[in-house]
Structures are given as structure tokens and as C-alpha cells.
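Notes to accompany the following structure.
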Amino acid sequence: MDSPLFSYRKADTPLHKIPGFIKIVFQFILCLLIFAGFNSKTAEIICLSVCSVIIFSAFILSKIHLKSLKKIRFVFFIGAFYTIFKVLGPLDLSNFSTENFRIISRDKNQQIILFSAVVLFPERFPGALLYTFRFFMSSLSAFILFDTTSPVEIKFAFETAQNHIAKIFPAIKKINPAMTITLAVNFIPQIFSTWRRIDLATKARLGKNRRKNPLAFIRILYAEMTALLSCLINQAETKRKALVNRSEPANK
């Protein structure tokens, strides 16, 4: 059975051997560069291309199976919705007329009108596709990070950064933001892992019958979401207590 999205995979690859702190720093840098805006379109494309080559190279070095990419297929669904809402816009309904109704027409500015009520902006389509590609590359880099970096490494990376900052601002150790950030970051794969267990439990009890009745499906989905929220709150509190207990000796 496939592991949940953003879960750690124990292996012996070049990416697994790189310290977690370095990978997290590169993750921040890559995401900033992927979505960075430049005055020159050429510079923007070059920057995005270089980041893409780095991410694809990391994907190869991490030895992640190609089938695992289906876990981030949600990017394309989100990208499709973004593209639709980006290239379509409402027309001034005061100009709507059933007498001149056309499935496809043009206004006085030669804009494409769909169903006499929606404006089509084809020039926005390349930008929407570019955003989808950026979203995919940033999601892929995050997927590689979580796949090759254990929760312990992530915790150690943020504690290392905090210790360096504490040399300049000693008071930061009392606030201990590393614990909060570690809990938040490591909680991301926990969400998908918990949902996987709840979904499997539902399928084991109800099978495919849960999708036949729409009302029953809504009730089951509501029960699943309630169970997910309850489990996540309990797991978050347990992790918080564990991190507090482990960090107390270091803070003293």
C-alpha cells in the first residue's frame, strides 16, 4: 500500500544523506525563486527553468518512484479551477439580452463572449498555465523534502537555527519558536496519514455502498471529517506535550 502524502520514506539515497537543515533552507529559497517576479520576462523564465532543473535532479537523486507522483495530482485539479476562473469573467448583466443570445459572440471591443454573459480572456491562459506549473514545482519540491527528511531531522534543523539566533537574541530560547514550527511542519504529513486510516476504516465497513446514496455520502463525509478533526486535535496535544518534555532540559 502506498504511503500517505508528505510522509517520510526510509532509504539510502544521496538526498537522504544531506542534512535536513540544508534541505529546508534550499526549500525556502527555491519556493521564493519559483514565484519571484522580475522586470524581465526572460529573467523570470530562466530563473524558473533553473529551479525546475534543480528540483527534477533532486527527484532523480531521491529515487522516488514515478507512480508516487500521483499523490500530488491534486495540483492539476486546483490548476484547472484556477485557469477557469482566470480566463473567464462576468459580463455586465445590464447588457444581457435574450433577443441577441449567442453561445459564442463578440462585443464592440472584439472580446469573446460566451452565452452572452461571460467574457473569455484567452490572453490570460498562458499566465494561468505558468502559475499551475509553478504550483506543481513547489509542491514537488515539498514532496521531495518530506520524502527524504525524517521528523527528527526537521526538529533538529529548526533547533539548530534557533540556537544560532539565540547567540544574538538570547530571549528567543524562552519563546522557543522551534518547537512550534516543528510541530506545525511535522503535522502536515500527520493530516494525510490520519485521513488515510479513517478512509480505510470507512471503506472496510461500508465498501462502495457509501457513494450510492448522496445523502448518506454527505453524512458519512461529515462523520469522517469530524473524526479527522478529533484525531488531529488529540495528536497535536500529545505531540506538544512530548516536545515540551524533551525541550525542558535543553532550555534549563
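Roughly to the nearest percent, how much of the accessible area of region 127-188 is carbon and sulfur, given a 1.4 Å probe? Write down the numbers at each step before the final one.
Working: 2320 of 3010 Å².
Summing carbon and sulfur atoms, their accessible area is 77 percent of the total for region 127-188.
For the pair Thr238 and Asp12 in one chain, pulling the backbone fully straight at 0.36 nm per residue adds 78.3 nm over the alpha carbon distance. Which pairs, out of Lys41/Lys71; Lys155/Lys239; Lys67/Lys155; Lys23/Lys63, put more than 21 Å between their alpha-carbon atoms? Beyond 21 Å: Lys41/Lys71; Lys67/Lys155.
Surface analysis of region 30-75 yields an accessible area of 63 Å² per residue, using protein heavy atoms and a 1.4 Å probe.
Could you tell me whether region 136-235 comes out rounded, prolate or oblate from its Cα gyration tensor? Rule is a ≥ b ≥ c as square roots of the eigenvalues, rounded for a/c under 1.5, then prolate if a/b exceeds b/c, otherwise oblate.
Details: a/c = 3.81, a/b = 2.45, b/c = 1.55.
Prolate shape, in that a/c is at least 1.5 and a/b is the bigger ratio.
In the complete set of protein chains, residue-level accessible area for Met225 is approximately 100 Å², probe 1.4 angstrom. Rounded to the nearest 10 square angstrom, Val25 shows an accessible area of 60 square angstrom against a 1.4 Å probe.
The values are calculated or read from the model by the stated rules, or taken from the named source; none is laboratory data. Just so it is clear, the structure is predicted and the values come from calculations on it, not from any experiment. Just the protein is used for accessible areas: all its heavy atoms, side chains included, with ligands, DNA and RNA removed. Shrake-Rupley method; radii C 1.70, N 1.55, O 1.52, S 1.80 Å.
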